[in-house]
1. Could you list, in sequence order, the residues of the stretch B:126-152 that are out of contact with any strand residue (DSSP E or B) (no Cβ under 8 Å at 6 or more places or on another chain) and farther than 25 Å from B:Arg170 by Cβ?
2. For the stretch A:139-152, state whether one or more residues are touching a residue at least 40 places away in the same chain (Cβ under 8 Å), within 16 Å of ligand 5 (Cβ to nearest atom) and of a type in the set (Gly, Ala, Ser).
3. List pairs: first in the stretch A:64-88 and open to solvent by less than 30 Å² (accessible area, probe 1.4 Å), second polar (S, T, N, Q), Cβ under 9 Å, 6+ apart or cross-chain?
4. If you take the residues in the stretch B:40-89 that are of a type in the set (S, T, N, Q) and under 20 Å from B:Leu212 (Cα atoms), which one is farthest from ligand 2 (Cβ to nearest atom)?
5. In the stretch B:77-108, what residues are away from ligand 4 (no atom under 16 Å from the Cβ), farther than 18 Å from B:Ser225 by Cβ and of a type in the set (Ser, Thr, Tyr)?
6. In the stretch B:100-131, which residues are surrounded by fewer than 21 Cβ atoms within 10 Å (Cβ to Cβ) and within 25 Å of B:Asp194 (Cα to Cα)?
7. Among what's in the stretch A:202-233 and is touching a Leu at 6+ places or on another chain (Cβ under 6 Å) and assigned to a loop (DSSP other than H, G, I, E, B), pick the residue that is nearest to the other protein chains (Cβ to nearest Cβ).
8. Could you say which residue among B:Ile6, B:Ile58, B:Ile48 is under 17 Å from B:Ala243 (Cβ atoms), of a type outside the set (Phe, Trp, Tyr) and touching a residue at least 12 places away in the same chain (Cβ under 8 Å)?
Amino acid sequence: MAFESLSEKLQNALSKLKGKGKLNEKDVDLAMREVKLALLEADVNFKVVKNFINDVKKRAVGSEVMNSLTPGQQVVKIVNDELTKLMGERESKINFSSSPPTIILMCGLQGAGKTTTAAKLSMSFKKQNRRPLLVACDIYRPAAIKQLEVVGEKAQVPVFSMGDKINPVDIAKAALEHGKKNGNDVIIIDTAGRLHIDEDLMAELENIKNVLNPEEVLLVVDSMTGQDAVNVAETFDEKLGITGVILTKLDGDARGGAALSIRAVTNKPIKFVAMGEKLEDLEPFHPDRMASRILGM
Amino acid sequence: KSYGKIDNGLFDELEEILVTSDVGINTTMDIIERLKTKVKENKVTEAIEVKELLKNEIKDILNEKEKDRELNIEPSPAIVLVVGVNGVGKTTTIGKLAYNLREEGKRVLIAAGDTFRAAAIEQLGEWSKRAGVDMIAHQENSDPAAVIFDGIQAAKARKTDVLICDTAGRLHNKKNLMNELNKIFRVVEREYGDARREVLLVVDATTGQNALIQAKEFQEVCNISGIVLTKLDGTAKGGVVIALQTELNVPVKLIGVGEGIEDLQKFNTDDFVDAIFD
Ligand SMILES: Nc1nc2c(ncn2[C@@H]2O[C@H](COP(=O)(O)OP(=O)(O)OP(=O)(O)O)[C@@H](O)[C@H]2O)c(=O)[nH]1
Ligand SMILES: Nc1nc2c(ncn2[C@@H]2O[C@H](COP(=O)(O)OP(=O)(O)OP(=O)(O)O)[C@@H](O)[C@H]2O)c(=O)[nH]1
Ligand SMILES: [K+]
Ligand SMILES: [Mg+2]
Ligand SMILES: [Mg+2]
């Protein structure tokens, strides 16, 4: 029961409407209640769900539906429309600077997948015949630098590090110089995982950002995240102005309601999805495919 | 928020608190239904009392496992197997736990059963240094079951009180990786049958409803006996453990509240529930 797909529930809820020749507000209310439960179970944020249901209801009791010959089907269409809108419609790519190097700052909570994803990105750039550089700015987590060196070697991408005794802001500065000198055209900065409420570490990130002026600030988010995803994303966005999101661990079976929610509250695009631990397991984000996933189709 | 009258608005507000704490909509609706019954039965009139009633309702649910919250590691020897999906905090928890147990005067050994992830062995090695305990490790990419086997032999030879075993993070829907974990579990059963056994599933407090299926699948292959809820120092409340505990009948034993070596605590029901309503 608990893991019945959202799709099934939505279809169930909506099929009751589909057949009806005429709709009243109560029919719509009942169906929307079921839609609400299904979305919440998929970890879509509470407030996002509330707004979503309100938007759909407003349209559903409007003349566009009530005057239609097939009102039930109209409601189904509205739900689909609004879901797609929430998810963002088009694929969004990396912004490369017209005067290289392009700088990409990775950030996010602990264990989200930043280091792994940084290596994956660097490998994909290498395949595009670019000259990426990975930068080890996590001086806190035990063996974080070593981890980046190992994955960098696998990706055959150089790793710039200065050990764990130098301030990450200074490491970032030095990395930029190093990258320019060595003709690196994309510089990817791996940073330590941090809580959005950790003021010192958030200030550190702001400083790194100010020094580097990156083209992309990518928030890495675990797709298994629940209701808190929105708080996290909002704070990172507020402090750093994120340019996009990478959703990791989609090779699991989480519905990924967090994805929907983050897009809805920050209005920042999901740029990539990570589908495994191997360095090849990174794909551009396709909103329509994600919609199908959340809908379980 | 004001809790004036008892009306649907009040119950909606309470529902919102639970759902946004990741309690899950099904569990939330169950709890709210029971709450409504109690409000009637007890002829409660003040909204503030309703909130207390709700807190107590949740505390009652969690307290059902109160007597099982201690780690099953006495008398020694004992083995603690630490499992979970990727990045939840397994290795860090082992560092903290090793430190705590050593502070209690126990002889502790750790085994580096994650031979897969980049620099996982080095990471655990650093924690073993910090905690002041020895580590048994093989090369990267070697068979993790063999590492655990060696850890057990070493623990026997050294008369270790507690052997703590790290494992690679794995998603519960990966058949081969779950089979690998089952193999590790069977090595433990076969080679260390006389030891107390604790299998800890580490759950990140930011996790949503997916934690339920995670726990069920791990339960299948390695019979988890306790939950460690990590990253409670953030803003996530970890409400999914309420359903975890009732549906799997497995208690939350420890919580992680930071990245430092002293940031591992015993789970406290009152604190946990109060934090949901803060
Ligand atoms: N299954 C799966 N695992 C992933 C994915 N991305 C990362 N991981 C795993 O998640 C865990 C954490 O990944 P890291 O790259 O170390 O995460 P991080 O954000 O750098 O972590 P901190 O630096 O500690 O904050 C590792 O076990 C990775 O192998 C993914 O897309 N799928
Ligand atoms: N804030 C906070 N961070 C934590 C806590 N526990 C662990 N972490 C951090 O979470 C990240 C992942 O921790 P690990 O111990 O590497 O997690 P893991 O489960 O061993 O990861 P894999 O082996 O890659 O699956 C690290 O950055 C840790 O410092 C906690 O209680 N609070
Ligand atoms: K995580
Ligand atoms: Mg990292
Ligand atoms: Mg680990």
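1. Passing the criteria: B:Lys129, B:Arg130, B:Gly132.
2. As a first pass, look at the stretch A:139-152 and keep what is touching a residue at least 40 places away in the same chain (Cβ under 8 Å): A:139-141, A:144, A:148, A:151.
Now narrow it down to the ones that are within 16 Å of ligand 5 (Cβ to nearest atom): A:140-141, A:144, A:148, A:151.
Subsequent filtering for residues that are of a type in the set (Gly, Ala, Ser) retains A:144.
Yes, some residue in the stretch A:139-152 is touching a residue at least 40 places away in the same chain (Cβ under 8 Å), within 16 Å of ligand 5 (Cβ to nearest atom) and of a type in the set (Gly, Ala, Ser).
3. Qualifying pairs under 9 Å: A:Val65/A:Gln74; A:Ser68/A:Gln74; A:Gly72/A:Ser15; A:Val76/A:Gln11; A:Val76/A:Ser15; A:Gly88/A:Asn267.
4. Taking the stretch B:40-89 and keeping what is of a type in the set (S, T, N, Q), we get B:42, B:45, B:56, B:63, B:72, B:76, B:86.
Those still in the list that are under 20 Å from B:Leu212 (Cα atoms) too: B:63, B:86.
Numbers: B:Asn63: 24, B:Asn86: 4 Å.
Within the stretch B:40-89, the match that is farthest from ligand 2 (Cβ to nearest atom) is B:Asn63.
5. Within the stretch B:77-108, just B:Tyr99 meets the criteria.
6. Those that are surrounded by fewer than 21 Cβ atoms within 10 Å (Cβ to Cβ) and within 25 Å of B:Asp194 (Cα to Cα): B:Asn100, B:Arg102, B:Glu103, B:Glu104, B:Gly105, B:Lys106, B:Arg107.
7. Selected residue: A:Ser223.
8. Values: B:Ile6 fails: under 17 Å from B:Ala243 (Cβ atoms); B:Ile48 fails: under 17 Å from B:Ala243 (Cβ atoms).
Going through B:Ile6, B:Ile58, B:Ile48 in turn, just one is under 17 Å from B:Ala243 (Cβ atoms), of a type outside the set (Phe, Trp, Tyr) and touching a residue at least 12 places away in the same chain (Cβ under 8 Å): B:Ile58.
The values are calculated or read from the model by the stated rules, or taken from the named source; none is laboratory data. Values in this document were obtained by computation on a predicted structure and should not be read as measured data. Don't worry about glycine lacking a Cβ; one is built from the backbone with ideal geometry, like all the others, and counts go over all protein chains shown. Ligands, DNA and RNA are excluded from the accessible area calculation, which covers all protein heavy atoms including side chains. Shrake-Rupley method; radii C 1.70, N 1.55, O 1.52, S 1.80 Å.
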